[in-house]
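J.: For reference, the structure I am asking about is given below.
The values are calculated or read from the model by the stated rules, or taken from the named source; none is laboratory data. Computed from a predicted model, the values in this text were never measured in an experiment. Positions of Cβ are generated from backbone atoms using ideal geometry, with glycine treated the same way; all protein chains shown enter the neighbour counts. Keep in mind that these areas ignore ligands, DNA and RNA; they rest on the heavy atoms of the full protein, side chains included. Shrake-Rupley method; radii C 1.70, N 1.55, O 1.52, S 1.80 Å.
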Amino acid sequence: MEHLKILLLLIFLILFQAQVQCTDYYISNSGDDSNDGLTKDTAFETISAISSPLNTAGNSFFFKRGDTFRGKIVIKKESTTISDYGSGDLPVIKGSVVLGTWQKHDGNIWVIDAPSRPSDVNEDDFTIDMLFRDGEYLTVARHPDTGYYRIESASNKVSFTDSHLNEATSYWVDADVHVRSWSWLWEIRTVSSFSNGKVTWEDAMTGLSDTLYEGWGYYLDNTYKALDAENEWYYDPSNNKIYIYTESDPNSHTYEATIYDNGITAIWHLHDSLIENIEVQHYNNIGIYINQCDRVVVRNNRILWAGQKGSYAWSPIDYTFENNYIQYALDMGFHWGSSSDTDIGDNLISNNEIVDTSLICGRHSLWGGVGAKIGGNGVNFVNNKITNTASNGMGLEGGENTLDGNFVQNTCMCYNDCGVIYVKEKTNILNNHFKNPVGDMLASGLYNGKWFGKILFGIYFHTASDGSTVTGNTVEECYNAGLYSLDGINNKINENLFYNNGVSMITKVDNNDPGNNVLEDNIFFSAAQEQYSFSRSVDQNFGSFKNNKHISPLSSIHINADERYPLSLYQEHNAGKSTGSTSNNYHDYEQWHFCNNDRIVTWPLNSEEEVDRWGGASTISLSYDSEKMGGSMKVTFNSASATTIYPNEDYVTQITRPYHIKFTIKAFEKTTIKLQFTEQNSTGWIHIYERVYGIEATERTYHAVFDSDVVSNNGKIRISSTEFSKTATIWIKDVSIEEIDANVWDVSSVYPLFCNEGTSSESFDLGTVSYMNVDGNNAGSSLTVPKKSCTALIRKDFTTATSTGRPRKLQNDFHTSDPFAVCPNDNNGEESGNSDGDGDDDDDDSKTKSDDDPSTSGGAIAGIVILCIALVGMIIFTAISYKKNGSSFKLMFFSWKMKILRK
């Protein structure tokens, strides 16, 4: 019996070996399809020649480097290899064909017969989605030619009206209309009727309400009637012709039209295949498509200009996709998906680069526009780089996935409501660098009568995210928040660096009570005034919140919950929360070098008469205190709600100038106050500037610099109590406001971030600039940054910092209009060396050296003595001259005065 088993096994192996005859085939532009393809000298010429050998398992196909092949490759058996041979550039496989001779059609519109449908493309799948001229992508005929029109009115989701569209009835019927239907939605419909500026379609758009809204962007395209700009084109499937608008003869250029759906395809159990070292271009659908094939390796390929997805893998097991480059995918760069019952396996997506995904805004599918989408389980996404995406950099909709060591930046380039990564299920997010969701406001519109602003995040946890780990990441330059958690539970967020984000982390409650989260050992680095470490929507049991470092060089406010808190005050009012956390306010207020200050108004508040220049609510007590701070105004708030004090004088501001408010203050005990500059008109108070300060029981001078968005004829400084100071006592003196000239320090210059994207530690030479680390210690002359991480430092010497121009409050850019400033045209501060406007190089308003140092005061005294001697001599001389010739007195006095001034 045992011998029979061995015999049967030998028979099976012999039959299997007979079936798997591994043969190598070569394909070259210099070959011939009549050859056998078995050697480089007898290579095939075209892809069609390998159709039959692809039916045998185990065969390998090698395309010659430097050559271009047209068509599609469909792998039909397992253990197939698609690769390269020779030297030079990668072999290119294209899904387009070269067009022939164009004919004049009408004016500047030319026409050519479109290529016929290839036999290996289904009739329903055939179209021409892209046209290239000399390798350059051309725009489908559209209206307007660039940018967007805006919806003027709408009352539903199947139509809108815009007076820009004044063409005849039915003019735009059958055109495609691309509508920004919401802050994170572009939708495409085919126009079914058009009349009097009203565009109508059949299927209602998704949106989030019952109607579209005024002001949202749209454009029309894919119609012959929009052909009116250079190199716009249109494919008419009804007569199979291509039209192009050009003022020059198109026959002097090479045009390629895409006619194939997918580039390289393997579908259904074609296991153990290899696709490597191929450049795939110009496919209407997918560049490389793997469907339910296990142990497939796709590596070292370039995928360019895929009409939908650069690469798509559905339900593979033990799949490897590594060292590939994907650019100009018009819907999605990389997509991995699986059904819920798929065995997870060991799937590795590593060291790929995905660039410029879906940047033709409105061109992608409803949920497209992302650099990489993981729609299944068990994926290790490691050391990849994603740059420039229409929507989220990554969408993580499956569970049990791991992101490790990736770099994702410049996302949300077609939306104003998305993030760097979107997380829906349990995910391990480790050692990544997430940066700068851009946010496109050009097509954003109105909602509830207001412009819909930017909502941009670094890491966005979708509803009730449960059990994710976020460790060792750097998240920077995110407009709203570095991390946003909606109803999240059981998430561990630790040892991350959140740098220069609107808020480092936001938790929000819609449906669930979040809890059992761990938020520990993070660094929250706020690089602007109104940036906070942590914000929550309601009083909630978030979980463990401790041992975090709150670094806020420009503000003492760290947490925005029911109120805005300094960390120490938050800890006092929220027992057991944020234990072990520390804060470092190294400067605590802006350091400025002002020049050309003008129209200064001061309130010394050092006498009873000065105190009378201020007023406030009837519940507030204002009095002069001769003892506190050398004489100051004592303010006692006494109300159940916030109340305000203000000077009696108004102050006029202009839109084109920045303004500086300065005040010295102390409190009886730790509290907060709110500083505002407001304008009153017929509708009420307009808040031009607002900021909350954490006030200690020690004297300190604070500064605020802002730009006015309106002309203020009766602007006022207002100092208000908060929830913590409704009954507080404070002392104020030396309040002033002035019109200034100032520039903004470049954040990267004063708070540099040193990032190491490599796989081993890296050393940075800090040169002669003096820095300190987030613990307040000197950084030394060099810095070592561990692999896949970033380190933030704080410049101690601002004399060599660079500036980025004068601060401006842009729409919704509340945290980019502060942190530091230098005078215009002063070599970026290199000559002045002054950072706080008092003539010295320190950070406060103490005396300069010349105020009390004999080594410097002697020169000033000598100068005064010389001036006095000169004036006495001038008087004596002019008196003698007057006696001799009184008529020459005025002239001679003026002459002597000018000589002294010149000296």
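J.: State all residues of segment 342-382 that are farther than 18 Å from SER181 by Cα and of a type in the set (Gly, Ala, Ser); if no residue qualifies, say none.
T.: GLY345, SER350, GLY371, ALA372, GLY375, GLY376, GLY378 - these are the residues of segment 342-382 that are farther than 18 Å from SER181 by Cα and of a type in the set (Gly, Ala, Ser).
J.: Within segment 635-658, how many residues are part of a loop (DSSP other than H, G, I, E, B) and over 20 Å from ILE600 (Cβ atoms)? Let's see the steps before the verdict.
T.: Step one: of segment 635-658, the residues part of a loop (DSSP other than H, G, I, E, B) are 637-643, 648-650, 654-657.
Filter once more, so that each one left must be over 20 Å from ILE600 (Cβ atoms): 637-643.
Total satisfying the criteria: 7.
J.: What's the number of the only condition in (1) at pLDDT below 95; (2) open to solvent by 20 Å² or more (accessible area, probe 1.4 Å) that LYS385 fails to meet?
T.: (1)
J.: Taking segment 148-185, which residues are open to solvent by less than 10 Å² (accessible area, probe 1.4 Å), under 30 Å from the mean Cα position of the chain (by Cα) and either more than 20 Å from ALA390 (Cα to Cα) or of a type in the set (A, V, I, L, M, F, W, C) (or both)?
T.: Hits for segment 148-185 are ILE151, VAL177, VAL179, LEU185.
J.: Output the residue which, of all residues in segment 724-743 that are assigned to a loop (DSSP other than H, G, I, E, B) and either over 34 Å from the mean Cα position of the chain (by Cα) or aliphatic (A, V, I, L, M) (or both), is surrounded by the most Cβ atoms within 10 Å (Cβ to Cβ). Steps first, please.
T.: Filtering segment 724-743 for residues assigned to a loop (DSSP other than H, G, I, E, B) gives 724-728, 742-743.
Filter once more, keeping what is either over 34 Å from the mean Cα position of the chain (by Cα) or aliphatic (A, V, I, L, M) (or both): 724-728, 742.
On the way: PHE724: 23, SER725: 23, LYS726: 16, THR727: 13, ALA728: 20, ALA742: 27.
That would be ALA742.
J.: Separate question: Here are GLY767, GLY829, GLY758: which of them is of a type in the set (Gly, Ala, Ser), over 24 Å from ASN522 (Cβ atoms) and modelled with pLDDT of 90 or more? Give the steps one after another, and end with the answer.
T.: Values: GLY829 fails: modelled with pLDDT of 90 or more; GLY758 fails: over 24 Å from ASN522 (Cβ atoms).
The conditions single out GLY767.
J.: Okay, moving on. Could you list, in sequence order, all residues of segment 553-577 that are out of contact with any Pro (no Cβ under 8 Å at 6 or more places or on another chain), part of a loop (DSSP other than H, G, I, E, B) and over 15 Å from ILE695 (Cα atoms)?
T.: Result: ALA561, ASP562, ASN574, ALA575, GLY576, LYS577.
J.: Here's something else I'd like to know. For THR211, which of the numbered conditions (1) crowded, with 20+ Cβ neighbours inside 10 Å; (2) free of Cβ contacts under 8 Å to residues at least 60 places away in the same chain fails to hold?
T.: It fails just one condition, (1).
J.: Taking segment 644-703, which residues are acidic (Asp, Glu) and closer than 27 Å to TYR570 by Cα?
T.: Residues satisfying the conditions are GLU669, GLU690, GLU696, GLU699.
J.: For segment 357-382, what are the residues that are open to solvent by less than 30 Å² (accessible area, probe 1.4 Å), closer than 25 Å to LEU220 by Cα and either not in a loop (DSSP other than H, G, I, E, B) or not β-branched (Val, Ile, Thr) (or both)?
T.: Of everything in segment 357-382, those that are open to solvent by less than 30 Å² (accessible area, probe 1.4 Å), closer than 25 Å to LEU220 by Cα and either not in a loop (DSSP other than H, G, I, E, B) or not β-branched (Val, Ile, Thr) (or both) turn out to be THR357, SER358, CYS361, GLY362, HIS364, GLY368, GLY369.
J.: Let me ask something else. Which residue pairs have Cβ atoms under 6 Å apart, sit 6 or more places apart or on different chains, and have a first residue in segment 20-45 that is at pLDDT below 95 and a second that is open to solvent by less than 70 Å² (accessible area, probe 1.4 Å)?
T.: As it stands, the answer is VAL20/ALA57; VAL20/GLY58; CYS22/GLY58, since those pairs meet every condition given.
J.: Oh, and also: Give me the pairs: first residue in segment 561-580 and more than 17 Å from GLU520 (Cα to Cα), second residue at pLDDT 70 or above and open to solvent by 50 Å² or more (accessible area, probe 1.4 Å), beta-carbon distance under 6 Å, and six or more apart or on different chains, which are they?
T.: Short answer, once both residue conditions are applied: GLU563/GLU723; LEU569/LYS670.
J.: May I pose another question? Within segment 618-668, count every residue that is closer than 30 Å to ILE740 by Cβ, loosely packed, with under 15 Cβ neighbours inside 10 Å and among the aliphatic types (A, V, I, L, M).
T.: 2
J.: Still on this model: Consider segment 375-427. How many of its residues are hydroxyl-bearing (Ser, Thr, Tyr), out of contact with any Leu (no Cβ under 6 Å at 6 or more places or on another chain) and without any contact (Cβ under 8 Å) to a residue 60 or more places away in the chain?
T.: Number of matching residues: 5.
J.: Oh, and also: Restricting the first residue to segment 696-717 and requiring it to be modelled with pLDDT of 85 or more and outside any strand (DSSP E or B), which pairs with a second residue that is of a type in the set (Phe, Trp, Tyr) and surrounded by fewer than 17 Cβ atoms within 10 Å (Cβ to Cβ) meet a Cβ separation below 7 Å and a spacing of at least six or different chains?
T.: Here the result reads ALA697/PHE668, each pair linking segment 696-717 to a residue that is of a type in the set (Phe, Trp, Tyr) and surrounded by fewer than 17 Cβ atoms within 10 Å (Cβ to Cβ).
J.: Let me ask something else. Of all residues in segment 76-104, which are in contact with a Phe, Trp or Tyr (Cβ under 8 Å, 6 or more places away or on another chain), assigned to a loop (DSSP other than H, G, I, E, B) and either over 22 Å from ARG302 (Cα atoms) or of a type outside the set (Gly, Ala, Ser) (or both)?
T.: THR80, PRO91, LEU99, TRP102
J.: Here is a follow-up. Out of the residues in segment 97-121 that are without any contact (Cβ under 8 Å) to a residue 24 or more places away in the chain and not basic (Lys, Arg), state the one that is farthest from VAL74 (Cα to Cα).
T.: From segment 97-121, those without any contact (Cβ under 8 Å) to a residue 24 or more places away in the chain are 100, 103-104, 106-107, 119; that's our starting set.
Narrowing the set further to residues that are not basic (Lys, Arg) leaves 100, 103, 106-107, 119.
Numbers: GLY100: 27, GLN103: 36, ASP106: 41, GLY107: 43, SER119: 13 Å.
Once the filter is applied, the top-ranked residue is GLY107.
J.: State all residues of segment 533-547 that are within 21 Å of ASN496 (Cα to Cα) and either at pLDDT below 85 or of a type in the set (D, E, K, R) (or both); if no residue qualifies, say none. Walk me through it before giving the result.
T.: Just the residues of segment 533-547 that are within 21 Å of ASN496 (Cα to Cα), to begin with: 533-536, 542-547.
Those that are within 21 Å of ASN496 (Cα to Cα) and either at pLDDT below 85 or of a type in the set (D, E, K, R) (or both): ARG536, PHE542, GLY543, SER544, PHE545, LYS546.
J.: How many residues are outside any strand (DSSP E or B) and either touching a helix residue (DSSP H, G or I) at 6+ places or on another chain (Cβ under 6 Å) or farther than 22 Å from HIS550 by Cβ (or both) when one looks only at segment 744-785?
T.: Looking only at that region, the number is 15.
J.: Go through segment 760-796 and count every residue that is in contact with a Gly (Cβ under 8 Å, 6 or more places away or on another chain), closer than 19 Å to HIS433 by Cα and not charged (D, E, K, R).
T.: Residues meeting the conditions: 1.
J.: Can you go through SER60, SER79, SER83 and tell me which one is at positive phi, touching a strand residue (DSSP E or B) at 6+ places or on another chain (Cβ under 9 Å), surrounded by fewer than 19 Cβ atoms within 10 Å (Cβ to Cβ) and at pLDDT 95 or above? It would help to see each step written out before you state the result.
T.: Numbers: SER60 fails: at positive phi; SER83 fails: at positive phi.
Checking each option against the conditions leaves just SER79.
J.: Another question, if that's okay. For segment 458-485, what are the residues that are part of a loop (DSSP other than H, G, I, E, B) and open to solvent by less than 30 Å² (accessible area, probe 1.4 Å)?
T.: Correct list: SER465, GLY467, SER468, GLY472, ASN473, CYS478, TYR479.
J.: Scanning segment 28-56 for residues that are in a loop (DSSP other than H, G, I, E, B) and touching a helix residue (DSSP H, G or I) at 6+ places or on another chain (Cβ under 7 Å), which turns out most open to solvent (accessible area, probe 1.4 Å)?
T.: Start the filter on segment 28-56 by keeping residues that are in a loop (DSSP other than H, G, I, E, B), which leaves 28-43, 45-46, 51-52, 56.
If we keep only those that are touching a helix residue (DSSP H, G or I) at 6+ places or on another chain (Cβ under 7 Å) too, we end up with 33, 37.
Details: ASP33: 62, GLY37: 0 Å².
So the residue we want is ASP33.
J.: Can you spot a residue in segment 452-463 that is in contact with a Leu (Cβ under 6 Å, 6 or more places away or on another chain), at positive phi and in contact (Cβ under 8 Å) with a residue 40 or more places away in the chain?
T.: no
J.: Which of the residues spanning segment 164-192 are part of a loop (DSSP other than H, G, I, E, B) and within 22 Å of ASN448 (Cα to Cα)?
T.: SER183, TRP184
J.: Can you name the number of the only condition in (1) surrounded by fewer than 23 Cβ atoms within 10 Å (Cβ to Cβ); (2) farther than 23 Å from THR402 by Cα; (3) in contact with a strand residue (DSSP E or B) (Cβ under 9 Å, 6 or more places away or on another chain); (4) not hydroxyl-bearing (Ser, Thr, Tyr) that LYS492 fails?
T.: (2)
J.: Might you let me know whether segment 126-133 holds any residue that is more than 27 Å from GLY31 (Cβ to Cβ), part of a strand (DSSP E or B), touching a residue at least 24 places away in the same chain (Cβ under 8 Å) and open to solvent by 30 Å² or more (accessible area, probe 1.4 Å)?
T.: Within segment 126-133 (the criterion being more than 27 Å from GLY31 (Cβ to Cβ), part of a strand (DSSP E or B), touching a residue at least 24 places away in the same chain (Cβ under 8 Å) and open to solvent by 30 Å² or more (accessible area, probe 1.4 Å)), the answer is yes, since at least one residue qualifies.
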